[in-house]
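Worksheet: one structure, shown below.
The values are calculated or read from the model by the stated rules, or taken from the named source; none is laboratory data. Remember, predicted model here, so these are calculated numbers, not experimental data. Cβ placement follows ideal geometry from the backbone for every residue including glycine, while neighbour counts extend to all protein chains displayed.
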């Protein structure tokens, strides 16, 4: 365990460095004109790497003293091999490259006639590819490390792999949560969402021992999914005090070619099952018992909700975040009602427990921290108003996120003006345009 903790400790300064690079990098992109695509590639990889660091710092078994690891653990082994130093050196190189781009942009602005060339691009491409390769190695090591910890338990020595059970619960073809999260985070401007993350309501929602529900609502395109992704990142970071038995679940509903095959509710239940088992040793044991009872045959859709309630009994605190809830009825409006009824059974007092799993493992009273994001929707409004007999805290992003929206519009307008996609005869009109677009956005 000491080696693994050392690896996690080594990730802390890396996280600070990557955050600094992202902050200065996106600030640069918002101001510079016609920046090479290589700069964006570097920042995209840095943002993805930042997410991997968040996963590393929040490995579920770090808060479980009973579980021991040795130097055979993949993450600990990589740390011992010096890969984190390689990452640090690479990020420092990225920072220097970014500094050079900033300096050249300053000179280009000061001497428009000369039109200085951007610095060499081949190295930036190579660094982006190298960062991507190393990120993939660490990401796979984190997954392997989780498997390693469970495989060290006596009950896991009968041949079943965690990967087999996860695939049995939820085929990888319908899992796109991590990709959606990473894509949204790359679109997030520095400082956006602080109005919510620093609010007393959100801090109370995170830390209070009682059940709480927050409903973030607003017009389409108002930034709900970007804020939602920032909240997930905050929960996964060291800003949130983790307790043994904590599980963080997130779900982005996004219609795609795979979502035609099953209803949104069934996909939601399958994805949550996957996340519970991937995050909790206790949930893994419950799933393993069910897997043996079913002899590996597929679960019926009606079996997922009782199984999930059995997972919940293994956890002390469950953070559940669901985005685009209103879009679950994009093909069948009745589906949104079904989805909400499922949420009631899962998070409310009406528990549908699987009798075959009763008495297995620990059973504890779980605290639910639920956060939903959607457009204004009458059915969702009624449901959130009666959840657990206590009304939800409704937050209108249209009311509070005006500074974020204005910042985004200002950055985008500046970028288009600098690359020549828009032209203004009077530069003083720029702020007036930002103000009017912000005022009438979504109307």
Point to revise | The listed residue being within 25 Å of residue 171 (Cα to Cα), modelled with pLDDT of 90 or more and assigned by TED's automatic domain parsing to the domain that holds residue 215, out of 338, 347 | key: 338
Check your understanding: For the range 267-282, how many residues meet the condition of being at pLDDT 85 or above and under 21 Å from the mean Cα position of the chain (by Cα)?
Key -> 11
Review point. Does the range 169-184 contain any residue that is within 30 Å of residue 297 (Cβ to Cβ), in a helix (DSSP H, G or I), modelled with pLDDT of 80 or more and touching a helix residue (DSSP H, G or I) at 6+ places or on another chain (Cβ under 6 Å)?
Key: yes
